[in-house]
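This report concerns only the one structure given below.
Read-outs throughout are calculated quantities, based only on the coordinates presented, and are distinct from any laboratory measurement. Model, not experiment: these values are computed from the prediction. Glycine gets a Cβ as well: all are built from the backbone with ideal geometry, and neighbour counts include every protein chain shown.
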Amino acid sequence: MQKKLLLGDEAIALGAIDAGLSGVYAYPGTPSTEITEFIQNNLVAKERGIHSRWCTNEKTAMEAALGMSYCGKRALVCMKHVGMNVCADAFVNSAITGVKGGLVVLAADDPSMHSSQNEQDSRFYAKFAMVPVFEPGSQQEAYDMVADAFELSERLKEPVLFRVVTRLAHSRAAVQVHEPVSENALDVSQDSWVLLPAMARKKYAALIEKQPLMEKAAEESMYNRMESGSGSIGIVACGIAYNYVKEVLGDEAKVLKISQYPLPAGQIRKLASESDAILVVEDGQPVVEEQLAALLGAGYPVKGRLTGDLPRTGELTPDCVAAALGKPSGPAFDNAKNLVGRPPQLCQGCGHRDVYTALNKVLSEYPDYRIFGDIGCYTLGALPPFRALSSCVDMGASITMAKGAADSGFFPAVAVIGDSTFTHSGMTGLLDAVNDGSNITVVISDNLTTGMTGGQDSAGTSRYEAICVGLGVEPGHVRVVVPLPQNMEEITRILREEIAYEGVSVVIPRRECVQVAARHARERKATQEKADRK
Amino acid sequence: MKKDIILCGVGGQGILSIATIIGQAATEAGINLKQAEVHGMSQRGGDVQSNLRLSTETIWSDLIPQGGADLVISMEPMEALRYLPYLAKDGTVVTGSKAFINIPNYPDEAALMEEIDSLPSSVKFDIDAIAKDAGNARGANMVLLGMAAPFLEILSVEQLRKAVAVVFARKGESVVEANLKAFDKGVEASRS
């Protein structure tokens, strides 16, 4: 046994490796990225040849993991919460097919939207797909739980959702770890996962039949436990919410900690019978609070985010939990007087800056214009000094929204999308635009990496022109420029030409992300120094 | 004994390195630790912070309650003030004094300094200048750590110094030496 200081994400990664993982499949997304990165750099994972290359998007990740599970091996899929929307088709249907090798689907939720466009709660997806959820309350629990999640997945032959929130994913603590167990052997026994209606109906009935087993597992889970404290209010605390309750009440807390779902109805009824009311403390949306109202009947008082006892939005804090428990935090200083916001911004020297400078210059020549944006560093082009974007919705929406605007008669409609976002979800939209002959200009701002999440490999690097031409964009209207201030005249000329062209045109400004370029330079220097020493 | 610390600055100033070193020292000393970091979009030149909790007892919350931080350690004066509601009434602010101005509406610097000086307990130095004097222009974060070291109490200055050496060891002896020098200059300034 050895103690290591690990981020929640790293604890999950190591927990998976030590539980006999054979492959992680993921697309980078804050706050989940560090899980896959840890596995990519782990020695045991390298020795064992555990799959860890980034996938093109969350759907391809989920499906590949399902294929690995079909062959009996343990697979992990990792994504940020909105990635669940992208892989939802595969995820929901994997509950119908069932699994063979343990399949753990990790969703990292981001309440307070630290790096996201919404704060959807992934536990809804598990309820929708009718599969169990694990929600660790600490880094140690995160490490330990991964093995239990794989075991439960194999015992029930169902995928298991593993839900964390930013505050656990990106917080470090000491974790006791053990030696890794062996991987599962390849199991090529013939299983039919063909979801034709007649077969899907049987499989769906089987999933329904497994529900009591899932409930029993949660009822008996070591992760769901009651602590008999004092007071008339019973507290249901989910995942890391338990820590805030303990921070405020210590041993006085009469609390049922929940870290495994479906809800342990028996334990909840017991707590309710011993209390006058229940306060639900959960990070994210009021998933449990809603279910408790149904479980305990309309007459039983259930408090939480819906009743205003806790804030309706945003991540939990020790302060808001303390207030809900009637024990507000101690005296504090007021907000400072000499203080203003410091929003994030594009790095100095970043190529996206030159792209927006050029676009603003060219488009200001038109009486009216719209630039539809997308998800990545370049979304910061919406903020001063550029104020260039009219929208940023979901991965790939820049192209399809520009297309819809053009279809409605608007001109000029321009899309700005990053290289990694384009291969994630932009290609299919571009094909629609080509087939419709939509009058749009798509700017694929190619920095040769997935920048926002810290510079992971981008799936289509060096193939963007070929992809666009392959999808049917006229080769003469796929133009590449180098976004640098000294090239401004050429960039603006090409943008003018392609916006004027009636049809689908693609402009690819290409220059490596300055952060990644700096990292590459450091790596080259280190390699050189190593060689020099030899 | 416990020490709750908010480390803060602007993305890219190196506060996570400070956190890593304190974490290393705490682990070595067998002290419990929880450290919440900021990754992702907020790192791009915006304000960043890390909640660092050290204790000989069990630590529950990853976040420090308002009015609970014993120390605010900041690379930059305005960022130090951002977390004022989290500072304990008897807590201390340790901050670099040179403004990092990457926004058009940065507040009046004299008023800012006055507000910091009006706090019950604060220490501020030009950590960039000290780092430069120590021959390590990129070591301002280590100067800051040195400045804060005497206030950490739960860890000794020597324990922190040792952790600086351990964390930078893989980058070679010259990097270790440069960072130790910056650290020592910070300790010296704080004690002067």
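Decide, for the stretch A:40-88, between rounded, prolate and oblate: order the square roots of the alpha carbon gyration tensor eigenvalues as a ≥ b ≥ c, take rounded if a/c falls under 1.5, and otherwise choose prolate if a/b is larger than b/c, else oblate.
oblate
Just to confirm my numbers, what's the Cα centroid distance between the stretch A:175-215 and the stretch A:267-309 in Å?
32 Å
Counting Lys and Arg as +1 and Asp and Glu as -1, each charge on the Cβ, what is the dipole of the stretch A:143-247 about the Cα centre in debye, to the nearest 20?
I would put it at about 460 debye.
If you average 1/r over every pair of different alpha-carbon atoms in the stretch A:224-278 and take one over that average, what Kirkwood value in Å do you get?
The Cα-based Kirkwood calculation yields 11.0 Å.
Can you find, among A:399, A:462, A:351, the residue sitting farthest towards the positive end of the charge dipole of the stretch A:335-475, where Lys and Arg contribute +1 and Asp and Glu -1 at Cβ?
A:351
Which of A:305, A:53 comes first, and how do the rest follow, when ranked by fewest Cβ neighbours within 10 Å?
Result, fewest neighbours first: A:53, A:305.
Out of the DSSP beta bridges found with both residues in chain B, what percent are antiparallel (nearest 5)?
About 50 percent, rounded to the nearest 5.
Give the aspartates and glutamates whose C-alpha is closer than 14 Å to that of residue B:124, dropping any in the same chain fewer than 8 places away, or say none.
B:76, B:79, B:109, B:114, B:115, B:188
Taking each residue of B:79-85 in turn, how many C-beta atoms of other protein chains fall within 10 Å of its C-beta, and what is the average?
5
Rounded, prolate or oblate, given the Cα gyration tensor of chain A, with a/c below 1.5 counting as rounded?
prolate
Using the structure shown, list the pairs from B:34/B:162; B:162/B:185; B:98/B:181; A:127/A:203; A:210/A:303; B:34/B:89 with a Cα-Cα distance above 25 Å, or answer none.
A:210/A:303, as the Cα separations exceed 25 Å there.
Using the Cα centre of chain B as the reference point, and only Cβ charges (+1 on K/R, -1 on D/E), how large is the resulting charge dipole? Debye, rounded to the nearest 20.
Charge dipole of chain B: 520 debye, to the nearest 20.
Report the FRET efficiency, 1/(1 + (r/R0)^6), for residue B:89 and residue A:273, where r is their Cβ-Cβ distance and R0 is 41 Å, rounded to 0.05.
Efficiency for this residue pair is about 0.45.
Considering the protein assembly as shown, which cysteines have no disulfide-compatible partner, defined as another cysteine with its Cβ under 4.7 Å away?
Cys with no partner Cβ under 4.7 Å: A:55, A:71, A:78, A:87, A:238, A:320, A:377, A:392, A:468, A:513, B:8.
Taking amide hydrogens as modeled 1.01 Å from N in the peptide plane, which residues meet the under 5 Å criterion relative to residue A:223, leaving out close sequence neighbours?
none
Pull out a ≥ b ≥ c, the square roots of the eigenvalues of the alpha-carbon gyration tensor of chain B, then state rounded if a/c is under 1.5, prolate if not and a/b is larger than b/c, and oblate in the remaining case.
rounded
I'd like the FRET efficiency for residue B:157 and residue A:4, computed as 1/(1 + (r/R0)^6) with the beta carbon distance as r and R0 of 25 Å, rounded to 0.05.
0.45
Students often forget the sequence filter, so: which lysines lie under 16 Å Cα-Cα from residue A:530 once same-chain residues fewer than 8 apart are removed?
List returned: B:171.
Around residue A:363, with a cut-off of 11 angstrom between Cβ atoms, what is the net charge of the other residues, counting Lys and Arg +1 and Asp and Glu -1?
Every neighbour counted, the sum reads +1.
What does the extension gain come out to for residue A:43 and residue A:192, with contour length at 0.36 nm per residue minus their alpha carbon separation?
Between residue A:43 and residue A:192, full extension yields 50.0 nm more.
Where does each of B:29-35, A:132-138 land if you order them by average Cβ count within 10 Å, highest first?
A:132-138, B:29-35
Over chain A, what is the relative contact order in percent, taking alpha-carbon pairs closer than 8 angstrom and at least six residues apart?
Rounded, it is 11 percent for chain A.
Name the aspartates and glutamates eligible as straight-distance cross-link partners of residue A:59: C-alpha to C-alpha under 17 Å, and not fewer than 8 places from it in the same chain.
Of all the aspartates and glutamates, those that pass the test against residue A:59 - Cα under 17 Å, at least 8 places apart if same chain - are A:89, A:394.
How many Cβ atoms of partner chains, on average, are near each residue of A:165-173 if near means within 10 Å of its Cβ?
The per-residue average across the peptide is 6.
Cβ neighbours within 10 Å, averaged per peptide: list A:484-493, B:13-22 in order, most packed at the top.
B:13-22, A:484-493
Under a 5 Å amide H to amide H cut-off, with H placed in plane at 1.01 Å, what residues pair with residue A:506 once short-range neighbours are removed?
Amide H to amide H, under 5 Å and 5 or more residues apart or across chains, residue A:506 pairs with A:442, A:478, A:479.
Size of the dipole of chain A about the Cα centre, Lys and Arg at +1 and Asp and Glu at -1 on the beta carbon, nothing else charged, in debye to 20?
Approximately 640 debye in magnitude.
Which value at 222 nm does the protein assembly as shown reach when only helices count, each DSSP H run of 4 or more adding -39,500 (n - 2.57), with the total divided by all residues and rounded to the nearest 500 deg cm²/dmol?
Theoretical 222 nm ellipticity from helices: -12500 deg cm²/dmol.
Which listed residue (A:169, B:179, A:492) has the Cα farthest towards the positive end of the charge dipole for the protein assembly as shown, taking +1 on Lys and Arg C-beta and -1 on Asp and Glu C-beta about the Cα centre?
B:179
Among A:422-428, A:322-328, A:441-447, what's the highest-first ranking by average C-beta atoms within 10 angstrom per residue?
Listed from highest to lowest mean packing, they are A:441-447, A:422-428, A:322-328.
Taking each residue of B:61-73 in turn, how many C-beta atoms of other protein chains fall within 10 Å of its C-beta, and what is the average?
6
Which of A:318, B:15, B:97 sits closest to the plus end of the dipole of the protein assembly as shown, meaning its Cα is farthest towards the positive end, when Lys and Arg get +1 and Asp and Glu get -1 on the C-beta?
Projecting each Cα onto the dipole axis, the largest value belongs to B:15.
For chain B, calculate the relative contact order in percent as a whole number, restricting contacts to Cα pairs under 8 Å that are 6 or more residues apart.
It comes to 21 percent, rounded to a whole number.
With just the Cα atoms defining each centre, how far is the stretch A:400-461 from the stretch A:13-49? Give it in Å.
Comparing the Cα centres of the stretch A:400-461 and the stretch A:13-49, I get a distance of 30 Å.
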